[in-house]
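The values are calculated or read from the model by the stated rules, or taken from the named source; none is laboratory data. These numbers come from a predicted model, not from an experiment. Here the Cβ is made from the backbone with ideal geometry for all residues, glycine too, and neighbour counts use every protein chain on show. SASA here: full protein model, heavy atoms, side chains in, ligands and nucleic acids out. Shrake-Rupley method; radii C 1.70, N 1.55, O 1.52, S 1.80 Å.
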Amino acid sequence: MPRKIVVAAAQMGPVARDESRWHVVDRLISMMREAHRRGARLVVFPELALTTFFPRWALQSEEEVDSFFETEMPNNATAPLFEVAKELGVGFHLGYAEIEAVAGGKRHHYNTAILVDQKGKIAGKYRKVHLPGYAEPQPHHPVQHLEKRYFEVGNLGFPAFRTMDSIMGMCICNDRRWPETYRVLGLQGAEIIMLGYNTPSANPSSASEPLHLGMFHNLLSMQAGAYQNAAWVIGAAKAGIEEGVHHMGGSCIIAPTGEIAALATTEGDEVITAECDLDKGTYIRETIFNFAAHRRIEHYKLITEQTGVVPPPE
Ligand code: CDV
C-alpha cells in the first residue's frame, strides 16, 4: 500500500518590526488554507515565523527582548492557527521564540519549533542546537546576527516523532548546514525532516563571499542531508527585504534522492507543494545507506569527542 502525503512549505515575505502577531497569524492561516486547497496535510512555516528576525539588532531592554518571545503555545494570537489546522485536518510546523519558565523563577530563552498534528495537538518540540552568530555586535560585519545573545543552546537533542503516519524530525535554519543534524535524525528513521530559515542573501559575517554561493549552499546542504539519510526535507524560508536586510527565499521540498521536488519562485508569501511517497527512500536505506550494514562507528569517535579542528602534529 503506497504511503503518500502532500506536504507544503509556506514561505513568508518580510515581517515588519511593528507587525502584530494577529496579522502574521492571518497570513499563516491564508497559506494553510491555500495548501489545503492543493491537497496538503502538512505545512511547514519558517523559523521565528511570528515576528521579524529580531536577532539582527542589539536590543537593550529585557522588556523589548521578551516582546518577541512566546510564553505559551498556543496563546491568544496563535490559537486560530491551531483551530484552522484542526478544522482542515492539516498538521503544521511552526518556528517561534520561546520563553520557558522553570521552578525558582528562572526563565530560559530558546529558538524553538513545534510540530502540530492534524487534530491540532502538539506532537513534538525542538529547540535550535546550532546557534550562529555572536552575543555582541560585530561592527566590521555587513549584517549583525546575534542569536547567541538571545537564545540558549537547545536542550532537547534532535528527537524524531512518530506522528501523522510517519516518522518526522525537525531542525532550524543553521542546523541544516550540519551533517550531524540529519544523521542523528536519520538514525531514528526520520522520513520527513522539516525546517524553517531566516538567511540573509549576503553572508552576514563575510562581505567577500560571492552572493550566488548563498543559495548554492542552502540547497546543497538540504539536498545532501536528504540523500544521505533517505529522507524528505522540507525547508521554508523568510524571504525578501525585511527591515533593510535582504533574505534569501528558495523554500523547497527535497526528495530522499536529493532531487528538488518543488522550489519557491518569489520573495513573498508563497505556498509550494509536493506529493511525498514516504517509501521513496526505502531502496536507499536498504542499499548505499544501509546504516546497520555499512556504518563504522568505531572510526567516528572524533565526531562526538572533539569540537574544533586539531591538525596532526607537524
Ligand atoms: N537564522 C540562521 O540560522 N541563519 C544562518 C545565517 C546566519 C548564516 C543560516 O545558517 O542560514
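When peptides 293-301, 236-244 are sorted by average Cβ neighbour count within 10 Å, with the highest value leading, the order is 236-244, 293-301.
Of the accessible area of the chain, computed with a 1.4 Å probe over protein heavy atoms only, carbon and sulfur atoms account for 55 percent. Charging the Cβ of each Asp and Glu at -1 and of each Lys and Arg at +1, and nothing else, the dipole of region 2-124 about its Cα centre rounds to 840 debye.
3J(HN,Hα) along region 56-66, derived from phi through the Karplus expression 6.51 cos²θ - 1.76 cosθ + 1.60 where θ = phi - 60°, amounts to 7, 10, 8, 6, 9, 8, 4, 4, 5, 4, 5 Hz, with x in place of Gly and Pro.
Per residue, the average separation of C-alpha pairs within less than 8 Å and at least 6 apart gives region 205-303 a relative contact order of 21 percent. Per residue of the chain, the DSSP helices (runs of n ≥ 4 H) give a summed -39500 (n - 2.57) that works out to -6500 deg cm²/dmol at 222 nm. Over all pairs of different C-alpha atoms, region 145-250 has a mean inverse distance whose reciprocal, the Kirkwood radius, equals 14.7 Å. Debye-formula intensities of region 225-292, expressed as log10 I(q)/I(0) at q = 0.20, 0.26 Å⁻¹, are -0.77, -1.03 (one equal scatterer per alpha-carbon, no solvent). Probing with 1.4 Å while keeping every protein chain in the model, the per residue accessible area of the chain equals 46 Å². Put simply, when 280-289, 144-153 are sorted by average Cβ atoms within 10 angstrom per residue, most first, you get 144-153, 280-289.
Counting lysine pairs in the chain whose alpha carbons fall under 21 angstrom apart, excluding pairs fewer than 8 residues apart on the same chain, gives 14. Radius of gyration (Cα atoms) of region 200-314, expressed as a multiple of 2.2 N^0.38 Å: 1.35. Taking amide H as placed 1.01 Å from N in the peptide plane, the amide H of VAL6 sits under 5 Å from that of ARG41, CYS276, each at least 5 places away or on another chain.
Relative contact order of region 83-128, taken over Cα pairs closer than 8 Å and 6 or more residues apart, is 38 percent.
Each principal axis of the chain carries a Cα extent, and these read 62, 54, 46 Å when sorted largest first. Computed packing ranks the peptides 53-62, 247-256 as 247-256, 53-62, most packed first, by mean other Cβ atoms within 10 Å.
Ordering LEU187, ALA261, MET73 by Cα displacement along the dipole of the chain toward the positive end leaves LEU187 in first place; charges were set at the Cβ atoms of Lys, Arg (+1) and Asp, Glu (-1).
Shown here: region 96-199, whose C-alpha atoms stretch 48, 36, 21 Å along the first, second and third principal axes, sorted largest to smallest.
Legend: Rg and Dmax of region 61-105, from Cα coordinates, 13.4, 41 Å. Using θ = phi - 60° in the Karplus curve 6.51 cos²θ - 1.76 cosθ + 1.60, the 3J(HN,Hα) couplings for region 190-201 round to 4, 9, 10, 10, 10, 7, x, 8, 10, 10, x, 5 Hz; x is entered for Gly and Pro. Comparing Cα centroids, region 253-314 and region 50-81 end up 31 angstrom apart. Dividing the mean sequence gap of close Cα pairs (under 8 Å, 6+ apart) by how many residues the chain holds gives a relative contact order of 21 percent.
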